[in-house]
Amino acid sequence: MGAFRMPSTNGGAFRPRVKFNAKAGRVYRLDRVPQADGRAILETEITAQFAFYLALESFADGWWNRETFKELLVPLGAALPPQPDGRDEHNKPIWVYQVRCAMKLAAAAGGDLRVFSSGAQCVLEPLDRLYSECTSDPKAAATSGGGGCRRCEWCEPTRSKARTGSTTRRCSSW
């Protein structure tokens, strides 16, 4: 077990997460905190402060069930299990490809260890480039203490969407 591996969550325990809203270009820290409205998950936007250390040893990929939220993941590089059967009412597969990793947020964004996962192509492509760059560069591994971590920072907005007022963000450090 690597230094950044998340503990098992048998029994449905909540893992602190980072959520990325690709449509709005926003990043949120998810915490389990009982709210007055009965909700247990508090979303805190951290887009402006989003910087993190990426734990390369923690990467896993596989299948995620869109209906039950179950995961069937293996360490990155291991043989990918076959995609489980199942389709929704629109005949779309309910098991979709997903990548999960651990990241330690910068102090301004919360400073703790979080889980990040996505199946969105706009996230997977830059994440794949970053992973490939970090694992193929012996100098990067040496400067991270050999533990396979990389500091990454969020970037500035690249264009505005007139209707929503949100921005599209492209992170060159990914």
Cβ density ranking, 10 Å radius, fewest first, applied to 115, 33 yields 33, 115
Residue separation between residue 69 and residue 48 times 0.36 nm, minus their alpha-carbon distance, gives in nm 4.7 nm
Here the gain from full extension of residue 125 to residue 31, 0.36 nm per residue of separation minus their alpha-carbon distance, amounts to 31.1 nm
Filtering GluC sites (Glu not before Pro) in the range 16-105 by DSSP loop and by at most 15 other Cβ atoms within 10 Å leaves 67, 89
Residues meeting the amide H criterion for residue 106 (H placed from the backbone, H to H distance under 5 Å, 5 or more places apart or on another chain) are 51, 52, 53, 111
Put in order of increasing Cβ neighbours within 10 Å, starting from the fewest, 135, 68, 44 give 68, 44, 135
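Read-outs: derived from the displayed coordinates by stated rules, not from any lab. Quantities reported herein were computed from a predicted structural model and do not represent experimental measurements. All Cβ positions, even for glycine, are placed from backbone atoms using ideal geometry, and neighbour counts span all protein chains on display.
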